[in-house]
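Heads up: the structure comes next, in structure tokens.
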Amino acid sequence: MNDLFTPPPSAPAASGTTERGNNAPALSVSEISNSIKRELETRFDRVRVRGEISGFKQAASGHMYMSLKDDNAVLSVICWRGVASKLSIRPQDGLEVIVTGRITSYPGRSNYQIVIESMELAGEGALLKLLEERKRMLAGEGLFAEERKRRIPFLPEVIGVVTSPTGAVIRDIMHRLSDRFPRRVLVWPVLVQGDGAAEQIARAIEGFNKLPLTGPVPRPDVLIVARGGGSLEDLWAFNEEVVVRAAANSAIPLISAVGHETDTTLIDFASDRRAPTPTAAAEMAVPVRADLIGENQEIGRRIYAGANRLLNERKMQLEALARGLPDPRRLVEEKTQRLDDRVERMRNAVRGYLRNHTAQLSEISARLPHPRQQILLASHQLDSLKERMSVSLRQVLPKRQQEFDQLDAARRMQAATGLRLERSATALQSLDRVLESVSYKNVLKRGFSVVRGEDGAVLAPDQISDGMHLNIEFANDRSVAAVAGSETNPSATSSGASGKSGSKQKKKPGIPGDAVQGSLL
């Protein structure tokens, strides 16, 4: 690097420091920054750096920015988005890691940094620290709670196994299942270590859970996630958060069998049952068929013996109870004898009853007359009644005939009277119509009036004198009081009549002009 700042050969420098400085070429800031950037990228093109992560942050673009530090120095770290998605571990503050990348500079800030391509934990201590922190976080979410764990089926029909198809683990599981109780096994092949192993294991668990209950590929009744032994780094895929969450969310009961008995991974806490080895997982999944057969035979033998013992006890109890009861045949014989006695007594009683009543009937029949005599007597009585009835009929019939004739004449008279009344009513109605037509009230309707005195008698014109109180009747039974010869008559104004005092003959009120009304009667 010192060569970059050595001035090119030139004329001998003048004496003095000032002259030598003036003879050196002047470089721009960009030129010196780019020269340093080229030198760093050439000299440190690929390096591995160990340190503790500090100040980690991830930009919205997906790029990661952090620092690596030790006791004496700090190095800026950049991880571009395309590489960040492929890292085997997720960076976090306080984690000691080893990164691989190239050293470069950022001229805009005059600092140097490392652009990483991979990241791994720095030793087993860092792994254990990360493991404890992750275990504490997942336990705080309740993924390891005992109440979440489900019971393993006693005898599953289908067993799903998530493991590597080429290792000894699947052979050990199949061999143990064949020895104990052969079952149908579905294997989902996955990587069990290295990049992408955790994602494959999680997808396998989720895939088994998404199988339909009925279909060409049956859904397993229990899952086994298995792997052989190895170091902490080899088993790290089973400590990944994605695998632990998939195991905890599995609706199918899950048995974890990762590593040997002393190996412990986070999936062991999230599973429903932990097996120390894959072989032990197979033993937990199914019982021993021979043991089941022997147990069933033992249960059958015990049931048979218990049934015989129960039958013998009940037989002894029945015999003991039977000894305390009388002989049923003796009871039946005694009842049969009593029944025969009752039948015989009943038969004798019926015979005596019939004899007594027969004798009584004979005595009664002896006192009764012979039926011929009774018939002859009844015949004489009938003839006597017939004769008496004939005499009564000859006497009553003429009277009834006469009464009937009288009733017939009354009916004819009633009919004639009704007809006469109907004709008289018709004649009366005709006369009433004639009377109505010649009535003086019809004349009043044509504008005439009737003059009456105080006594109600009809007055002629020559019978009216001055000062007489008159009552003038009009049509519709309307009447008006007036005084004859009055010069001013309030009543006459309502009827339209007027008169002059001193005249011998007054015009009748209500009569227009000189017309004089004659007697209407």
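The values are calculated or read from the model by the stated rules, or taken from the named source; none is laboratory data. The model shown is predicted, which means the values in this text are computed figures rather than measured ones. All Cβ positions, even for glycine, are placed from backbone atoms using ideal geometry, and neighbour counts span all protein chains on display.
Within the stretch 252-266, is even one residue under 41 Å from the mean Cα position of the chain (by Cα), in the same structural domain as Pro189 (by TED's automatic domain parsing) and part of a helix (DSSP H, G or I)? Scanning the stretch 252-266, I find no residue that is under 41 Å from the mean Cα position of the chain (by Cα), in the same structural domain as Pro189 (by TED's automatic domain parsing) and part of a helix (DSSP H, G or I), so the answer is no. Please tell me if Thr214 is more than 47 Å from the chain's Cα centre (by Cα) and either assigned to a loop (DSSP other than H, G, I, E, B) or not assigned by TED's automatic domain parsing to the domain that holds Ala281 (or both). In short, no. Spot the failing condition for Phe269; the list is (1) free of Cβ contacts under 8 Å to residues at least 24 places away in the same chain; (2) in contact with a Phe, Trp or Tyr (Cβ under 9 Å, 6 or more places away or on another chain), and only one is missed. For Phe269, the exception is condition (1). Taking the criterion of being exposed (fewer than 11 other Cβ atoms within 10 Å of the Cβ) and of a type in the set (S, T, N, Q), the only residue of the stretch 125-166 that qualifies is Thr166. The combined condition, being under 23 Å from Leu143 (Cα atoms), among the small types (Gly, Ala, Ser), out of contact with any Lys or Arg (no Cβ under 6 Å at 6 or more places or on another chain) and part of a helix (DSSP H, G or I), is fulfilled by Ala247. Selection over the stretch 237-265 of residues that are buried (at least 23 other Cβ atoms within 10 Å of the Cβ), of a type outside the set (Gly, Ala, Ser) and at pLDDT below 90 gives a count of 1. For Arg151, are the conditions met, namely being of a type in the set (D, E, K, R), in a loop (DSSP other than H, G, I, E, B) and under 52 Å from the mean Cα position of the chain (by Cα)? When the stated conditions are applied, Arg151 passes them. May I ask you to list the residues in the stretch 88-103 that are crowded, with 18+ Cβ neighbours inside 10 Å and within 20 Å of Arg46 (Cα to Cα)? Passing the criteria: Glu96, Val97, Val99, Gly101, Ile103. I need the full set of residues from the stretch 89-122 which are touching a strand residue (DSSP E or B) at 6+ places or on another chain (Cβ under 7 Å), of a type in the set (Gly, Ala, Ser) and at pLDDT below 85, in order please. Matches in the stretch 89-122: Gly94, Ala122. Is it true that some residue in the stretch 348-366 is loosely packed, with under 10 Cβ neighbours inside 10 Å, outside the structural domain of Val458 (by TED's automatic domain parsing) and outside any helix (DSSP H, G or I)? Scanning the stretch 348-366, I find no residue that is loosely packed, with under 10 Cβ neighbours inside 10 Å, outside the structural domain of Val458 (by TED's automatic domain parsing) and outside any helix (DSSP H, G or I), so the answer is no. Residues of the stretch 105-124 being more than 13 Å from Gly51 (Cβ to Cβ) and surrounded by fewer than 18 Cβ atoms within 10 Å (Cβ to Cβ), which ones? Across the stretch 105-124, the qualifying residues are Tyr106, Pro107, Gly108, Arg109, Ser110, Asn111, Tyr112, Val115, Glu117, Ser118, Glu124.
The combined condition, being assigned by TED's automatic domain parsing to the domain that holds Ser271 and either part of a helix (DSSP H, G or I) or of a type in the set (Phe, Trp, Tyr) (or both), is not fulfilled by Ile224. Residue count for the stretch 429-462, restricted to those that are over 15 Å from Val480 (Cβ atoms) and either in contact with a Gly (Cβ under 9 Å, 6 or more places away or on another chain) or among the aromatic types (Phe, Trp, Tyr) (or both): 3. Right, Leu325: loosely packed, with under 10 Cβ neighbours inside 10 Å and not in a helix (DSSP H, G or I) or not? So Leu325 passes the test.
Restricting Val483, Val434 to residues that are aliphatic (A, V, I, L, M), at pLDDT 85 or above and more than 60 Å from the chain's Cα centre (by Cα) narrows the list to Val483. Out of Leu385, Leu397, Leu444, one residue alone is assigned by TED's automatic domain parsing to the domain that holds Val480 and part of a helix (DSSP H, G or I). It is Leu444. Among the residues making up the stretch 424-441, those that are among the charged types (D, E, K, R) and either in contact (Cβ under 8 Å) with a residue 24 or more places away in the chain or exposed (fewer than 10 other Cβ atoms within 10 Å of the Cβ) (or both) are Arg433, Lys441.
Looking across the stretch 5-32 at every residue that is at pLDDT 50 or above and either of a type in the set (A, V, I, L, M, F, W, C) or not in a helix (DSSP H, G or I) (or both), the one that is farthest from Arg102 (Cα to Cα) is identified as Ala24.
You will find that of Ser35, Ser54, the residue that is out of contact with any strand residue (DSSP E or B) (no Cβ under 8 Å at 6 or more places or on another chain), in the same structural domain as Gln113 (by TED's automatic domain parsing), modelled with pLDDT of 85 or more and surrounded by 14 or more Cβ atoms within 10 Å (Cβ to Cβ) is Ser35 and no other.
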